1. Have a look at the range 244-355 and give its Rg and Dmax from the Cα atoms, expressed in angstrom.
2. For the chain, take the longest principal axis of its alpha carbons; what is the angle in degrees between that and the long axis of helix 99-109, to the nearest 10 within 0 to 90?
3. Note down the nm distance, to one decimal, between modelled labels 7 Å out along Cα→Cβ at S34 and at S303.
4. Let me check against my output: what whole-number percent is the relative contact order of the range 233-324, with C-alpha pairs under 8 Å and at least 6 apart?
5. Roughly what would the spin-label model give for N350 and L325, points 7 Å off Cα along C-beta, in nm?
6. Determine Rg/Rh for the chain; Rg is computed over alpha-carbon atoms and Rh is the Kirkwood hydrodynamic estimate from the same atoms.
7. List the residues, sorted by chain then number, that are 5 or more residues from V347 or on another chain and whose placed amide H is less than 5 Å from its amide H.
8. Got the relative contact order for the chain handy, in percent, Cα pairs under 8 Å and 6 or more residues apart?
Amino acid sequence: MPSQFVTILIDTFNHQLFIEEAIESALKQDFPASETEILVVDDGSTDNTPELVRKFAPRVRLLRKINGGQASAFNAGISEARGEIVAFLDGDDWWAPGKLTAVTKAFAAEADVGLVGHGITEVYADGRQWTQLPREMCRFRIASTAEAKMFRMRRGFLGTSRMAYRRDILRRIGCVPETLKFEADEYLFTLAGLFADVLILPESYTFYRLHDKNLFQITSGDAKAIRRKQQILAALAQSLRERLKESGLPFEIARIILECVEVEAELLRLEVDNGFPWETISTELTIMRVFHSYASIWRRLFSYARLIPAFVLPARTYYGWRRRLAISPFYQEFRRKLLPFPVPSHVDRNEKLAP
């Protein structure tokens, strides 16, 4: 296999509880140290994160900057990266052994591949783990409506701690809009699919930690966090819309790509800013079509039944009811026994209970 120099780019902000595990997982990769650099971009941490990173010098290089969010951290790190391949890792996640070897083999074997992703293991605070894997290796370029639909159903395998790029592709994409305090990864991996083939490996090489400081997570129902995520998703949709138009991508392909981001943003807007019943119904029907087209007739009927209150309730009231219902032990037991949450046909999902 031809030698490829790799930059491991770790973005971090106030990750003093997690950053050492992230760095150690990079250092323990079965890949020659002489062919890697580890660059940690600290996005203005106010805790002990920088001091913990400095313990790993000179093997790890620390780049400190004023807090600006994920996009600004990516831009700072990419401009400093020397590798032909740039592999991203969030400071609160960690990699499984063999990650770099698998990714670099894929790049070496396939010259047209510009982005490699893979399966993911979500790790909960109580120790439970959910692993999601593509059932088979998947390869596409966003050049048709069929491939755009394939992309939007598999984009969960392309987030920060999963994605690795050829540096040339990152150059073609250019700077990430710094309005994206998070979701910068989706901006990158969406545009990468226009410029090169995307390959998704059917193994899990990333442990994605779920904790209360995840900016992306809004399970607590905090209105401020929901509104922040809604605004970021709206900004992401706008930024992508402009780039897709500049690229000359056919309208129907662009619509399929943008629809998944736009409908998520609209859902959150209705949840915090309210809306008319017809807006709720339209949004929910779009979500069913975009994300759950594979659902059985019984799951579809259940979803329609759950939507009945939306015909009379204001959006915010309806989604408040939905959130309370979702955390109800009775509802959770009902779903677990009688109507489990559907799994797409292209995904394998396995649970590992806490030790």
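The values are calculated or read from the model by the stated rules, or taken from the named source; none is laboratory data. Model, not experiment: these values are computed from the prediction. Because the Cβ atoms are built from the backbone with ideal geometry, glycine has one as well, and the counts that use them run over all protein chains shown. The area values use the complete protein model at the heavy-atom level, side chains included, leaving out ligands, DNA and RNA. Shrake-Rupley method; radii C 1.70, N 1.55, O 1.52, S 1.80 Å.
1. For the range 244-355, the Cα-based Rg and Dmax read 16.6, 52 Å.
2. Helix 99-109 sits roughly 80 degrees off the main axis of the chain.
3. Spacing of the two 7 Å Cα→Cβ label points: 5.5 nm.
4. It rounds to 33 percent for the range 233-324.
5. 3.4
6. Answer for the chain: 0.96.
7. Amide H to amide H, under 5 Å and 5 or more residues apart or across chains, V347 pairs with R135.
8. Once divided by the residue count of the chain, the mean separation gives 18 percent.
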